[in-house]
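To start, the structure itself, in structure tokens.
Values quoted throughout were computed directly from the atomic coordinates according to the rules given, and no laboratory measurement underlies them. It should be emphasised that the depicted structure is a prediction, and the values quoted were computed from it without experimental measurement. Don't worry about glycine lacking a Cβ; one is built from the backbone with ideal geometry, like all the others, and counts go over all protein chains shown.
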Amino acid sequence: MKFSDFVANDAIRSHVQADSKEGVIREMVQALVDAGKIASGDQESIVKAIMKREDLGSTGIGRGVAVPHTKHPSVSRLVGTVAVSPVGIDFESLDGDPVQLFFLLVSPPDRPGDHLRALENISRQLRDESFCKLLKAAKGPVEIQHLLEEADSQGVVS
Amino acid sequence: MFTESRNMTKGQTAKSQTAKSQADEGMAAAGATLAREVVVLNSQGLHARPADAVAREARKWQSRIELVADSQRADGKSILELLTLAAESGTRLVVEATGPDAREALEAIGGLFARNFDEHMTERDS
């Protein structure tokens, strides 16, 4: 699975304003609403579901990366977005480091395979240190979009 | 991420070592690789939370631990690496451990898979 298969380009944010875990999740879900990927009526329920998942264990998987996610019956296909916090946010991540790079995923309840393949793609690409750095330093959403496209086509050349 | 040196004796495959492992305590201590097969029982596959559980368990041991699926290999102590396996429900994986506590580590990780990562909640998870 490629980034372009699940990342809504219009919902990418390069400079999130939020300074808390819930804040950044809320901002990213709002971005998906603004991009027309999820209905505004489902926003609150999706935020709550993602926070509930975080309560089971942080999705801050290390290297300044978090993958907040949930299943939700309101979506018929996997939707996701990417956000960067230039300052970093305390996400209770597994290595304790603040998180700068967020991949948020909302998947239909009956498609665990798609969710796994999205996680596979994200984690495989993020093993490339320079790709991580470039994403975190991106000046705007379009730059993030281009980096993701480059990764989709061959992996980032640094 | 791959800083530890690998001590696996040349020419010895994981499989042949599995067969030998029961009998040969000394080899593990000397840094040979022991292996065992596990199956992903979780209906959601090896997603973020199980990967976290495996990495946490793996980090408790000195031995180098790797999970192998077909041709793919992942550092058992890294969630990021484990997620790259994208192991769906029913996938068979080989766990390899190399080091002084390889046997115990394999036992512990095998148990974690057998207990379905201690996940007692139902399909509600993500």
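Take every DSSP beta bridge whose two residues both sit in segment A:4-158, then give the antiparallel share in percent to the nearest 5.
55
What ranking do B:Asp118, B:Asp101 get, fewest neighbouring Cβ atoms within 10 angstrom at the top?
Ranking B:Asp118, B:Asp101 by Cβ neighbours within 10 Å, fewest first, gives B:Asp118, B:Asp101.
Set the bar at 21 Å for Cα to Cα. Now go through A:Lys21/A:Lys71; A:Lys37/A:Lys136; A:Lys52/B:Lys60 and name every pair that lies beyond it.
Over 21 Å Cα-Cα: A:Lys37/A:Lys136; A:Lys52/B:Lys60.
Could you tell me, in Å, what Rg and Dmax come out for the Cα atoms of segment A:1-49?
In order Rg, Dmax, the Cα atoms of segment A:1-49 give 11.1, 31 Å.
Whole Å is fine, so just give me how far the alpha carbon centre of segment A:46-112 lies from that of segment A:116-158.
The distance from the Cα centre of segment A:46-112 to that of segment A:116-158 comes to 17 Å.
Quick one: which of A:80-86, A:18-24, A:44-50 comes out on top by average Cβ neighbours within 10 Å, and what's the full order, highest first?
Going from most to least packed, we get A:80-86, A:44-50, A:18-24.
Can you give me the Rg/Rh ratio for segment A:1-114, using Cα atoms for both radii and the Kirkwood formula for Rh?
Using only Cα positions, Rg/Rh for segment A:1-114 is 0.93.
Find the relative contact order for segment A:1-47 and round it to a whole percent, using C-alpha pairs within less than 8 Å whose residues are 6+ positions apart.
Contact order relative to length: 36 percent.
Using the membrane-span-like helix rule (whole DSSP H runs, Cα extent along the own axis of at least 30 Å, mean Kyte-Doolittle hydropathy at least 1.6), which helices of chain A qualify?
Qualifying helices, which must be both long enough and hydrophobic enough, do not occur.
For the protein assembly as shown, place one equal point scatterer on every Cα, skip the solvent, and apply the Debye formula. What is log10 of I(q)/I(0) at q = 0.12 Å⁻¹?
-0.75
Which three extents, in angstrom, do the Cα atoms of segment A:84-158 have along their principal axes, listed largest first?
Computed over the Cα atoms, the extents are 36, 33, 21 Å.
Using DSSP, restrict attention to beta bridges with both residues in the protein assembly as shown and report what percent are antiparallel, rounded to the nearest 5.
Antiparallel bridges: around 80 percent, rounded to the nearest 5.
Take the Cα gyration tensor of segment B:39-107, multiply each eigenvalue by 5, square-root it, and list the three semi-axes largest first, rounded to whole angstrom.
The answer is 19, 12, 11 Å, longest axis first.
With a cut-off of 8 Å between alpha carbons and a minimum separation of six or more residues, what is the relative contact order of chain A in percent?
Computed over chain A, the figure is 28 percent.
Starting from the exponent 0.38 and prefactor 2.2 Å, build the expected Rg for segment A:56-119 from its residue count and divide its actual Cα Rg by it.
1.16
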